[in-house]
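To start, the structure itself, in structure tokens.
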Amino acid sequence: MKIVRTIAEMRAAVAGLRHQGRSLGLVPTMGALHDGHISLVRAAKTACDAVAVTLFVNPTQFAPNEDFSKYPRTFEADCRLLEAEKVDLLFAPDTAEMYPDGATTWVSVEQIEDRLDGVSRPGHFRGVSTVVADLFHIVAPDKAFFGQKDAAQVAILRRMVRDLHFNLELIVCPIVREPDGLAMSSRNRYLSAGDRRHALVLSRALRAVEAQVQAGRTDAAPLIETGLRILAEEPSVRVDYFRIVDPDTLEDRPHVRDGALVAVAAFVGPARLIDNLLISAL
Ligand code: PAF
């Protein structure tokens with residue numbers, strides 16, 4: 001695996017792969033890799049001739065009161081995992097490389113970026129869409145791979161790709177869970193053993209809603225009540241939102257008959273965790 005730090009080197013390395021006629025898959029990450037990321041790498045390996053991973057803890061998607069400085073940074077371990085997956089290129093720039101002095105250009109996916117996580121994390125999605133647009137320009141992949149766990153991010157990036165005519169296919173891979181149901185996340189590293197147990201309430205709430213949908217209940221209000229009731233079983237877990245929305249616009253849905261995204265965010269100990277369930281049209 002070739003590790004590159006500068007945009008110029010990355011462009012040259014990509015040009016080399018293209019010269020060999022190879023298709024290219026991109027997996028953007030902030031490192032602290034887990035099996036969820038590895039599932040994206042494997043999907044990229046299956047779909048493309050060559051795979052590039054980016055590792056950049058993007059400061060513009062963190063608010064000043066958030067965990068940018070303590071976000072886990074595990075570069076050596078990440079490299080070992082990616083080597084084992086036979087990734088071709090790892091692009092790991094520093095902040096000065098990605099944001100030249102005085103950078104003032106933003107990519108904003110208006111309206112959608114203010115929904116779901118955008119409500120309690122204002123500016124977060126503007127940081128995500130800006131850095132991902134930049135990475136798409138630098139790497140110019142054929143396909144880019146993201147996890148369904150970040151469902152709002154997926155909606156925003158899909159819209160961005162459509163609106164700005166990026167010449168790539170955005171591929172969304174299923175949530176990877178621990179055997180007990182906890183959705184994998186780099187932020188799970190923040191959890192104590194007790195927090196870890198309490199965090200299971202998120203997937204339990206989603207499963208309860210899923211069971212009700214399977215039993216024929218489709219109105220959003222009682223389904224949300226069910227989810228919130230289960231979440232209340234863990235008083236130490238502070239709910240940020242539990243909503244049923246359109247997976248593309250992130251607007252509230254009155255029922256799930258045409259398909260819907262059931263999404264939850266909650267604070268568990270020092271971590272803000274998210275999880276979701278995609279219900280297909282019934
Ligand atoms: O999902 C993430 O890890 C980040 O939001 C991303 C897409 C790498 C942009 O920094």
Enumerate the residues in the stretch 253-270 having an amide nitrogen under 19 Å from the point lying 7 Å beyond the Cα of R177 toward its Cβ. 260-268
Taking N as the number of residues in the chain, the ratio of its alpha carbon radius of gyration to 2.2 N^0.38 Å works out to 1.01
Report ³J(HN,Hα) in whole Hz for each residue of the stretch 61-75, in order, from the Karplus equation J = 6.51 cos²θ - 1.76 cosθ + 1.60 where θ = phi - 60°; Gly and Pro get x. 9, 10, 6, x, 8, 9, 9, 3, 6, 9, 4, x, 10, 10, 4
If you take every residue apart from P270 with its C-beta less than 13 Å away from the C-beta of P270, what net charge results, scoring Lys and Arg +1 and Asp and Glu -1? +3
Cα shape, the stretch 123-282, gyration tensor, a/c 1.5 rule: oblate
Just the number, please: carbon plus sulfur as a percent of the accessible area of the chain, 1.4 Å probe, no ligands or DNA/RNA counted. 51 percent
Roll a 1.4 Å probe over the protein chains and send me the accessible area per residue for the chain in Å². 46 Å²
Per residue of the stretch 276-282, what does 6.51 cos²θ - 1.76 cosθ + 1.60 with θ = phi - 60° give for ³J(HN,Hα)? Whole Hz please, x for Gly and Pro, Karplus curve as stated. 6, 9, 9, 9, 7, 4, 8
Quote to one decimal, in nm, the extra length available between D101 and E225 on full extension: 0.36 nm per residue of separation minus the C-alpha distance between them. 39.8 nm
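Multiplying the sequence separation of D252 and L168 by 0.36 nm and subtracting their Cα-Cα distance, what value in nm do you get?
27.4 nm
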Rounded, prolate or oblate: which fits the stretch 85-193 when a ≥ b ≥ c are the square roots of the eigenvalues of the alpha-carbon gyration tensor, with rounded for a/c under 1.5 and prolate only if a/b beats b/c? rounded
Near K45, which lysines are there with a Cα under 25 Å away, not counting those fewer than 8 places off in the same chain? K2, K86, K143, K149
Near the amide H of C173, under 5 Å away, which other amide H atoms are found, from residues 5 or more places off or on another chain, if H is placed in the peptide plane? F146, G147, Q148
If one compares the long axis through the Cα atoms of helix 35-47 with the longest principal axis of the Cα atoms of the chain, the angle in degrees, nearest 10, works out at 60 degrees
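The values are calculated or read from the model by the stated rules, or taken from the named source; none is laboratory data. The structure presented is a predicted model; accordingly, all values stated were derived computationally and were not measured. All Cβ positions, glycine included, derive from the backbone under ideal geometry; neighbour counts span all protein chains shown. We work out accessible area using only protein heavy atoms, side chains counted, and drop any ligands, DNA or RNA first. Shrake-Rupley method; radii C 1.70, N 1.55, O 1.52, S 1.80 Å.
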